[in-house]
Amino acid sequence: MASAAGSSGGNASLADPLLASAKKQVSAKGKHWEAADKEARRAAKESGGEDGRPLLFRTYKVKGTLLHPYRALIFIRLIAVLLFFVWRVKHNNSDIMWFWTMSVVGDVWFGFSWLLNQLPKFNPVKTIPDIAALRRQYDLPDGTSSLPGIDIFVTTADPIDEPILYTMNCVLSILASDYPVDRCACYLSDDSGALIQYEALVETAKFATLWVPFCRKHCIEPRAPESYFELEAPLYAGRAPEEFADDHSSVRREYAEFKEHLESLSSAISKRSDVYNSMKTDQGDAKATWMANGTQWPGAWIDTTETHRKGHHVGIVKVVLDHPIRGHNLGSQACTHSLNFTSIDERIPMLVYIARGKNPSYDHNKKAGALNAQLRASGLLSNAQFIINFDCDHYINNSQALRAAICFMLDQREGDNTAFVQFPQRFDNVDPSDRYGNHNRVFFDGTMLALNGLQGPSYLGTGCMFRRIALYGIDPPHCREDNIVVDANRFGSSILFQDSVSKAINQERSTIPPTLSETFLTEMETVVSASHDKETGWGKGVGYIYEIATEDIVTGFRIHGQGWRSMYCTMERDAFCGIAPINLTERLHQIVRWSGGSLEMFFSRNNPLIGGGRLQMLQRVSYLNMTVYPATSLFILLYALSPVMWLIPDEVYIQRPFTKYVVYLLVIILMIHIIGWLEIKWAGITWLDYWRNEQFFMIGSTSAYPAAVLHMVVNLLTKKGIHFRVTSKQTAADTNDKFADLYDMRWVPMLIPTVVVLICNVGAIGVAMGKTVVYMGAWTIAQKTHAALGLLFNVWIMVLLYPFALAVMGRWAKRPVILVVLLPVAFVIVCIVYITVHILLGGFVAF
């Protein structure tokens, strides 16, 4: 949009870049995939469908020309690994036997963890929604729709670490999504309980009265204004190109004013509160925070008190926008404009603010507790059959995404047994080189497609649509009891909520929520109070699971364990986009929480070895892999530090005969990468994606993963869980550089092992060069070969740690060529130091 922003004329300059016609995107199917549901489609066409419902998604499998060699190579490598183990044990000859024993144990673990990772990938499946078929079936001729309801949850924990502008853009993209407005409702959970978050939501509701019909009129994509207005030449697919330029300019001006309002809220609330507090002399020293209507804010105050602070306040539920059938209740506060929205639906979905009650006497259970509070409040108000949740830093990038997820839920084949539909996570703030593997395409486009061929992908925390009753802990239809007891012991003491659960189980639908009486609002505040879910089934067999840092994986595990399946939705245009931490330290903190939560799951009642009675075998294997993979880092760290053996004067071999040992290792490692190359083919990713995944796994294995293992040991000894730390989404102060955070090195203790590994390998390479100079004439050909093979391992580690070395350089890393020069210089310096010391002390000490 830069060309438009720089124009003074307005309409004429906007027309060319903004009215470009839509181009066909790369097919979501991919060239290495073929239809796998031809028979099912033929049968459905001939019979008209078993229950009158059409097939609403297409299924694809990897072509045999790629899949069969892929499977064969996995089997061949498995045989090779077993033969390697046999060879090592048979030739148990080493200069350091304790290290040989550790290396054998490590190799056995590497083989085991590789098998856990590889077995579930035998049958990748891609599923693509058929939105056109959904429209034909559920969109009615009179313009209405018979689609089921959706409750949309957005969670935010802190307005500082998670900027308000991101959160409000997420909300705006939801309100403007292409789904019947009377069939969806948006619930924002604010775990800070701050007034600024509520008033920002009110401002967002006002701006939405302009933004939403503008998006519908001109078919805007994406429908998050911040992302949309950053586009230099957004594609136009609307039906009023002659009005678009003027409309675009007007909406862009209004959005700029909207952002100014958000930025001024903090000072406005503070000034308003000072005025009210000066008028209220009966409060003593307490300085309350006041709302615009002249009442005290029940949540956290700016000047905190014991019962009005983050972590201790009453529950709050406020309906910002009422159900569209009753009007949006903004009155004259709605955004005024002169745009022509004739024949455009200007209604907006229901919008609700929730700040669950908190009390220091109770565990708030982090994000899982917030989601469960939303689940209960929405059950009373809208009680939609389906639920989708978003982190506040994500937004809807494809307005058809909600319909896409519904395709899987309503399909005649496995729809009724599908508990949730997971979408890939995409990020639009990652540096072009993806230095720290934030895109994680190997996982999202490889592993998840593989799980899609089993019982389904795991729940990934955001961008996932659930069937409400699956979250309530109800079994799937094929194994559900006839009479399900809904009582206080399981669902809490609220009679109204228990009644809503019964209606959800019986699929009783109501398109109009209850009247918002004082009694009803009080009941909603009760179900989000701090103590409501204590001594109940919430967090155990009902809702999102508690007591584990990664509530997503364990919640998905619980649902799969009941016999439900899940689906992975692939779309040509990415469904959702978000913000990823491009700062190394923030990224590693995120990894510590994820991997630590995985280990917590292994040592809990949700251990994949014993839990989940109805899990398929390979699905169980995949969950086991998700819970034990951090332990691999201990052996990687051991190997990464082994180059210090170069400092030992004598030749030291971990395994004899050394040449055969290294050749075996090279063959086995090469086979991993050949298998990886085949995965790259069917997953549709690039070598850069694959390589960044390898590099960041090495960085994590020398920092975040060992830290998570240490946390787990402390947890087992002290019963203190992984510390939940909200990943900061704030950017560095340099607003002129979009990727300033990438070059901001923040030192923390968990980086020490990585630094030690880096220094050890730089030193080892330098010493190896020095030994080559000193002993070149004395070494035999075998010794030279062994030295070269050992040096190859050191160089490999250095290449894997290259992104970390760039991070250490800070802003100098903007010119990577500096590192390319510095490393050889460091090698040469160490080499010279070694040679000098050898010459000076050679007569006294052996080197």
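Heavy-atom accessible area for residue 82, with the other protein chains in place and a 1.4 Å probe, reaches approximately 90 Å². Once the Cα atoms are used to define both axes, helix 617-628 deviates from the longest principal axis of the chain by about 70 degrees. Surface listing: 717, 375, 624, 496 arranged by accessible area from highest to lowest gives 717, 496, 624, 375, probe 1.4 Å. With the whole protein complex present, residue 686 retains an accessible surface near 70 Å², based on a 1.4 Å probe.
Packing, as the average of other Cβ atoms within 10 Å across residues, places the peptides 688-698, 738-748, 339-349, 538-548 in the order 538-548, 688-698, 738-748, 339-349, highest first.
The calculated FRET efficiency for residue 303 paired with residue 519, based on their beta-carbon distance and R0 = 41 Å, is about 0.80.
Residue 252 contributes an accessible area of around 70 Å² to the protein surface, as traced by a 1.4 Å probe with all chains present. Taking label positions 7 Å along the Cα-Cβ direction at both residue 540 and residue 325, the computed distance is 3.8 nm, reported to one decimal. Net charge in the neighbourhood of residue 562 (other residues with Cβ under 10 Å of its Cβ; Lys, Arg +1, Asp, Glu -1) is +2. Subtracting the Cα-Cα distance of residue 68 and residue 512 from 0.36 nm times their residue separation leaves 154.5 nm of extension gain. If the chain linking residue 795 and residue 609 were pulled fully straight, counting 0.36 nm for each residue of separation and taking away their Cα-Cα distance, it would gain 63.1 nm. Placing a label point 7 Å from the Cα of residue 745 along the Cα-to-Cβ direction, the residues of the stretch 810-837 whose backbone N falls under 19 Å of that point are 810-830. Highest-first packing order for the peptide set 115-122, 460-467, 514-521 is 460-467, 115-122, 514-521, based on the mean count of other beta carbon atoms within 10 Å. Checking the Cα-Cα distances for 206/271; 259/367; 271/720; 358/738; 280/534 against a 30 Å cut-off, the pairs over it are 271/720; 358/738; 280/534. State the percentage of accessible surface on the stretch 53-128 attributable to carbon and sulfur atoms; use a 1.4 Å probe and exclude ligands, DNA and RNA. For the stretch 53-128, the apolar C and S fraction of the accessible surface comes to 73 percent. With R₀ set to 25 Å, the beta-carbon distance separating residue 79 from residue 681 gives a calculated FRET efficiency near 0.65. Of the accessible area of the stretch 551-684, computed with a 1.4 Å probe over protein heavy atoms only, carbon and sulfur atoms account for 68 percent. As a calculated quantity, the FRET efficiency between residue 105 and residue 339 at R0 = 51 Å, using C-beta atoms, amounts to about 0.15. Ranked by the mean number of other Cβ atoms within 10 Å of their residues, highest first, the peptides 642-651, 427-436 come out as 427-436, 642-651. Think of a 1.4 Å ball rolled over the protein heavy atoms: the chain then has 42 Å² of accessible area per residue. To put it simply, the accessible area of the stretch 745-847 at a 1.4 Å probe is 81 percent carbon and sulfur.
Each other residue within a Cβ distance under 15 Å of residue 754 adds +1 if Lys or Arg and -1 if Asp or Glu, for a net charge of +3. For the pair the stretch 788-847 / the stretch 468-508, the C-alpha centres are spaced 63 Å from each other.
The values are calculated or read from the model by the stated rules, or taken from the named source; none is laboratory data. What you are looking at is a predicted structure, and each value in this text was computed from that prediction instead of being measured. As a convention, Cβ positions derive from the backbone with ideal geometry for all residues, glycine included, and neighbour counts pool all protein chains shown. Please note that ligands, DNA and RNA were not included when accessible areas were found on the heavy atoms of the full protein model with its side chains. Shrake-Rupley method; radii C 1.70, N 1.55, O 1.52, S 1.80 Å.
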